[in-house]
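Visitor: Below is one structure. I have some questions about it.
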Amino acid sequence: MKVANASKTNQNALLRKNERFGFLKRDWQLYLLVAIPLAFVIVFKYFPMAGLVIAFKDYKIARGFWGSEWVGFQIFQDIFAKPDFTKAIRNTLLLNILDLIFSFTMPIILALMLNEVKSVKFKRVNQTLLYLPHFLSWVIIGAIAYQLLSEGGGVVNNLIELMGGTRIPFLQEDTNWLISYLAIGVWQSMGWGTIIYLAAISGINPEMYEAATVDGAGRWRKVWNITIPSIRATIVTLLIMSLGKVMEGSFERIWSLQNKATTEFTTTIPVLVYRWGIESGNFSRATAVGLFQSVIGIILVITADRIAKKLGEDGIL
């Protein structure tokens, strides 16, 4: 009797084990596909985090990570006292907040406008033309910008002068450079962002619009009362993710559009990391700046997520 019970217990344990890991045998192809990007993230995102230790050391290449002298928070105290760091913080916040206002809202407006277009062919052609800039590198975009907007021989200024106007230093004067920087960023990103919102809009139940039509609602009333509330969760999610990048910015974008005539807004945190780390070889200082930037980004994401949840949204965490 005891032998039979023991055998039955072993069989039950084996069945539970098979049920527990049966999904691996059943869907091993899918898990293999997931394993490839997961391995990429672990190798290239998590393993390099060990290098953050040099932010707390007087790092010397000859001594290595563990042989360099431990200095604690001295590196952070040094960079906080640097005028360039204060300027970089100011410029990073200014550029990214302005970019958030314009580059974040334009895809929403564009998606709402395209959704109202009845011609499917016209809509597809416009979508293709609008999101193509997303696939261009900032080096190419910077070269195109200088060919078009250069004060000396730019196509736009040539046309302005041909029509009797005065040449405008779009990229050779600080305020004009800032406006051009924002406009080029909107042009580059709005098409790709529009795809996300159009996908969210396509998931709205058509019966809601039909009911609104029966009630006498016009086109803009439908947009305001149905479309925007229906994509609010998508807007909030992308906004939270964008807030996490307020302290980052794009190094390639700044570097491709900067020049010696405009230096007021081009010193940002990513540029400072490059100058201190690559050009000057001060890897401890550059790592400390990058770590500071990442910590602030995490705090902003968590704060925005909690605010969104208190307002009744799902959030992302």
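Visitor: Using the Cβ atoms and a cut-off under 11 Å, what net charge is assigned to the surroundings of N115, where Lys and Arg are +1 and Asp and Glu are -1?
Guide: +3
Visitor: Give the peptides 71-78, 102-109 in descending order of average Cβ contacts within 10 Å, highest first.
Guide: The packing order, highest mean first, is 102-109, 71-78.
Visitor: Report, in whole Å, the centroid distance computed from the Cα atoms of segment 63-115 and segment 141-201.
Guide: Between the Cα centre of segment 63-115 and that of segment 141-201, the gap is 23 Å.
Visitor: Might you report the magnitude of the Cβ-based charge dipole of segment 73-311 about its Cα centre, with Lys and Arg at +1 and Asp and Glu at -1, to the nearest 20 debye?
Guide: That gives a dipole near 520 debye.
Visitor: Let me ask you something else. Accessible area of segment 54-127 with a 1.4 Å probe: how many percent of it is carbon plus sulfur?
Guide: On segment 54-127, the fraction of accessible area on carbon and sulfur atoms equals 65 percent.
Visitor: May I ask for the longest run of the chain untouched by GluC sites (Glu not before Pro) that are loop-located per DSSP and have at most 15 neighbouring C-beta atoms (other than their own) within 10 Å?
Guide: That would be 117-263.
Visitor: Could I ask something else about it? Averaged per residue, what accessible area in Å² does the chain show with a 1.4 Å probe, protein chains only?
Guide: Value for the chain: 63 Å² per residue.
Visitor: Could you work out [θ]222 nm for the chain from helices alone, using -39500 (n - 2.57) per DSSP H run of at least four and dividing by all its residues? Round to the nearest 500 deg cm²/dmol.
Guide: -21500 deg cm²/dmol
Visitor: Sticking with this structure for a sec: Pick the calculated semi-axes √(5λ) of the Cα gyration tensor in Å for this structure from (1) 38, 25, 14; (2) 43, 37, 19; (3) 33, 24, 19?
Guide: Recomputing semi-axes √(5λ) of the Cα gyration tensor in Å here picks out (2).
The values are calculated or read from the model by the stated rules, or taken from the named source; none is laboratory data. All of these numbers come straight from a predicted model, not from anything done at the bench. Heads up, the Cβs are rebuilt from the backbone with ideal geometry, glycines too, and the neighbour counts pull from every protein chain shown. We work out accessible area using only protein heavy atoms, side chains counted, and drop any ligands, DNA or RNA first. Shrake-Rupley method; radii C 1.70, N 1.55, O 1.52, S 1.80 Å.
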